[in-house]
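The structure under discussion appears below in the form of structure tokens.
The values are calculated or read from the model by the stated rules, or taken from the named source; none is laboratory data. These numbers come from a predicted model, not from an experiment. Don't worry about glycine lacking a Cβ; one is built from the backbone with ideal geometry, like all the others, and counts go over all protein chains shown. These accessible areas exclude ligands, DNA and RNA; they are computed on the full protein's heavy atoms, side chains included. Shrake-Rupley method; radii C 1.70, N 1.55, O 1.52, S 1.80 Å.
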Amino acid sequence: METHYQPETIEAAARQEWQSNNAFQVAEEMSKEKFYCLSMFPYPSGTLHMGHVRNYTIGDVIARYQRMLGKNVLQPMGWDAFGLPAENAAIKHQTSPAAWTKQNIAHIRQQMIRMGFAYDWSREITTCDPDYYRFEQWFFLQLYKKGLVYKKNAEVNWDPVDQTVLANEQVVNGRGWRSGALIERREIPQWFLKITAYADELLNDLDKLNAWPEQIKTMQRNWIGKSTGAEVIFNVPQYTPLHVYTTRPDTLFGVTYLAIAPQHPLSKHLAQDRPELQAFIERCRHTKVAEADMATMEKEGLALGIDGLWYRRTDGGTGA
């Protein structure tokens, strides 16, 4: 018996045994309790790094533990392969996105197999495969027919080099995590799912989740964020009226000023002959769309009097 652990020999033999017996392939077993363990699919724009190893090891430990409890465990794996990250990586390596993506998928799959993760590879999916995304397209069309998707303009973090939208987590010190370009706040047309149509149902049915911790239900209520209020219209001379929503219409008589966003059309109108306002708006364009960063810009706000103009409230009062 060997006194030292020899991973090259022992692990290779174990992997071969698992593969030969389809050890992790799952079929329906009504006599067993089911357990579904899904880790986030990796982007196949490169190969795995140690962050991936940590993430997928945690998921694999959970799946194996649940299997040891006698449950029928399904742990699948797939590839989040649809989008600009793969295209930009392909451009960087001077190859086609399809070839680059398929090459990386094959390499990552072998990395995962070598690490011995207990995946049911018979259920592998690739999101850039037409056999997969045709169902996404079908699902979108059903939502569209039901009036549950709509298109409108919204602000995003825009990387001018990669020509793509970035999540707040992908903006590091105001720059794109991949390109290093200075990020802009840009308004672009986007599609949205009308989940607000189900807001009341989601909110009311939280009371039926008796097994949920109260603090989690409170977080969900705050996320849904239902509020009751009124829309107040402020008339602005030589400009279109401003519509403001408030949950405290009773405080309307205390209004002394209005604050408008730097990207508001009125801001751009006022900046035409005001260099300091133009500079402030430009600084705001390079602030990522996150609450903390936007709050910082609010504190940095520029106070401007509008010579000769007063906002007249619809209730008959006036305000600067």
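For the stretch 88-106, a residue qualifies if it is in a helix (DSSP H, G or I) and farther than 22 Å from GLY176 by Cβ, and the qualifying residues are ALA98, ALA99, LYS102, GLN103, ILE105, ALA106. Being modelled with pLDDT of 95 or more, open to solvent by less than 60 Å² (accessible area, probe 1.4 Å), over 21 Å from the mean Cα position of the chain (by Cα) and not acidic (Asp, Glu) is a property that does not hold for ALA90. Considering every residue within the stretch 22-31, establish whether at least one is closer than 17 Å to THR127 by Cα and touching a Ser or Thr at 6+ places or on another chain (Cβ under 9 Å). No: zero hits. When the residues of the stretch 154-183 are filtered to those that are part of a loop (DSSP other than H, G, I, E, B) and touching a Ser or Thr at 6+ places or on another chain (Cβ under 8 Å), the one that is most open to solvent (accessible area, probe 1.4 Å) is VAL161.
Under the condition of being surrounded by 11 or more Cβ atoms within 10 Å (Cβ to Cβ), aromatic (Phe, Trp, Tyr) and within 30 Å of LYS145 (Cβ to Cβ), the residues counted in the stretch 184-238 number 3. Does GLN278 count as surrounded by 14 or more Cβ atoms within 10 Å (Cβ to Cβ), modelled with pLDDT of 85 or more and either in a loop (DSSP other than H, G, I, E, B) or in contact with a helix residue (DSSP H, G or I) (Cβ under 6 Å, 6 or more places away or on another chain) (or both)? Spelling it out, GLN278 is indeed surrounded by 14 or more Cβ atoms within 10 Å (Cβ to Cβ), modelled with pLDDT of 85 or more and either in a loop (DSSP other than H, G, I, E, B) or in contact with a helix residue (DSSP H, G or I) (Cβ under 6 Å, 6 or more places away or on another chain) (or both).
Residue-wise test of (1) surrounded by fewer than 16 Cβ atoms within 10 Å (Cβ to Cβ); (2) under 25 Å from the mean Cα position of the chain (by Cα).
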| position | (1), (2) |
| --- | --- |
| TYR65 | yes, no |
| ASP80 | no, yes |
| HIS107 | yes, no |
| GLN110 | yes, no |
| TYR119 | no, no |
| ARG134 | yes, yes |
| GLY147 | yes, yes |
| LYS152 | yes, yes |
